[in-house]
1. Is there a residue in segment 334-345 that is farther than 21 Å from residue 83 by Cβ, within 19 Å of the chain's Cα centre (by Cα) and touching a residue at least 12 places away in the same chain (Cβ under 8 Å)?
2. Please enumerate the residues belonging to segment 238-255 that are within 16 Å of ligand 3 (Cβ to nearest atom) and under 26 Å from residue 194 (Cβ atoms).
3. Determine, yes or no, whether residue 349 is within 20 Å of residue 37 (Cβ to Cβ) and surrounded by 23 or more Cβ atoms within 10 Å (Cβ to Cβ).
4. Applying the selection to segment 88-104, what residues are in contact with a helix residue (DSSP H, G or I) (Cβ under 7 Å, 6 or more places away or on another chain) and within 19 Å of residue 75 (Cα to Cα)?
5. I'd like the residue in segment 274-303 that is in contact (Cβ under 8 Å) with a residue 40 or more places away in the chain and over 27 Å from residue 335 (Cα atoms) and, out of all such residues, is farthest from ligand 3 (Cβ to nearest atom).
6. Being more than 16 Å from ligand 1 (Cβ to nearest atom) and crowded, with 17+ Cβ neighbours inside 10 Å narrows it down to one residue among 238, 307; which is it?
Ligand code: LRH
Ligand code: MN
Ligand code: MN
């Protein structure tokens, strides 16, 4: 497999840390064994866990006020792919990329797929973009895309989504994620029901273009860029649309797209129950769609979400198999470092959720023993399971200390020489 960071750098660093890891791992194995948990089973599952990297997250994001790009950042999808390869080499749990179009359009998709194959990377959900006009675009999305009052703009948005499906087919992807910013900024500006009818009619056309083995994922978001009303503002509208469109259409949950304090884990449970959970965009938030690093603020909430996901796995819930993706915007960190760290934080939540004694929890729930039920979750959350994650990485040739190796390899400094800044770089600055 083609590598971006020499395996010898990883091996040298791993050599220095292995004896400490062995000791920590053995201590944790003993502790878990007291609860009849076999650490090897958990480590094997940790090693299987994967979360996709968003191509657009590999460059500095920025806000509507400013963007402060770092040096050596990727300037196009080829270079974004290179960074995704590094992120996977370091994290050991990001073997796929979610691209965004038209930002990532290339003239030869088979070449792009070959490059990704060489790095051992797959392509997952393809994202369409009808939230901004492209250069020379004939009809504008200023007043919406799939729900625009003008048929010409709606048709353009429909055709774009169909084009994105075609790109995705060439890359081997199996789902389309649709997020639109359509909405209104003034009370009265938009007729809620008519706008939703237009959106659904447009989405029906997109749905017809889905290959049999594909899914379409609808992403809701409370507000922004529309600040008074948004067409798919919450999981209610999302689910209504997904139910209306058919079994291949499901809802996608972006953690940052809810009001603060929303019980997201319960939304997840509802969507699982009705076979409508399509996937996730993981990130964290304090105020709105902040796109902060996953688990950086609310690791317990992220764990509780995985508690629902692992519960569905445990019960063999029919129709369950969501796509896991990150969706973050990095303003003050090296995006690759944030993505490596965030992927591992998501994996951490998954692994902790595996340790919950489900039968014990069900018993507490039946007995209405609220405190013991909550402690069953909290005690697991309080455990430091880092040795499991590190061992899972070590066993697949990834670093025990990913950020240490990334920095020791001087990757970004090397890229700074090869990639002079491009003011026209795509996929940044508006998410
Ligand atoms: C919208 C969003 C959505 C977009 C991405 C760039 O806020 O979360 O997923 O496709 O950002
Ligand atoms: Mn998102
Ligand atoms: Mn978002």
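1. no
2. 238, 251, 252
3. Answer is yes for this residue.
4. 97, 98, 99, 100, 101, 103, 104
5. Among residues in segment 274-303 that are in contact (Cβ under 8 Å) with a residue 40 or more places away in the chain and over 27 Å from residue 335 (Cα atoms), the one farthest from ligand 3 (Cβ to nearest atom) is 275.
6. Being more than 16 Å from ligand 1 (Cβ to nearest atom) and crowded, with 17+ Cβ neighbours inside 10 Å holds for just one of 238, 307, which is 307.
To keep it simple, each residue is scored yes or no on (1) within 24 Å of residue 255 (Cα to Cα); (2) not in a loop (DSSP other than H, G, I, E, B).
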{"site": "144", "(1), (2)": "yes, no"}
{"site": "162", "(1), (2)": "no, yes"}
{"site": "180", "(1), (2)": "yes, no"}
{"site": "217", "(1), (2)": "yes, yes"}
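Quick grid of which residues meet (1) surrounded by 14 or more Cβ atoms within 10 Å (Cβ to Cβ); (2) over 14 Å from residue 180 (Cα atoms); (3) more than 16 Å from ligand 3 (Cβ to nearest atom); (4) free of Cβ contacts under 8 Å to residues at least 60 places away in the same chain:
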position	(1), (2), (3), (4)
208	no, yes, yes, yes
215	yes, yes, yes, no
227	no, no, no, yes
257	yes, no, no, yes
261	no, yes, yes, yes
264	yes, yes, no, yes
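Quick note: the coordinates plus some simple rules give every number you see, no bench work behind them. What you are looking at is a predicted structure, and each value in this text was computed from that prediction instead of being measured. Note that we place each Cβ from the backbone using ideal geometry, even for glycine, and neighbour counts take in every protein chain shown.
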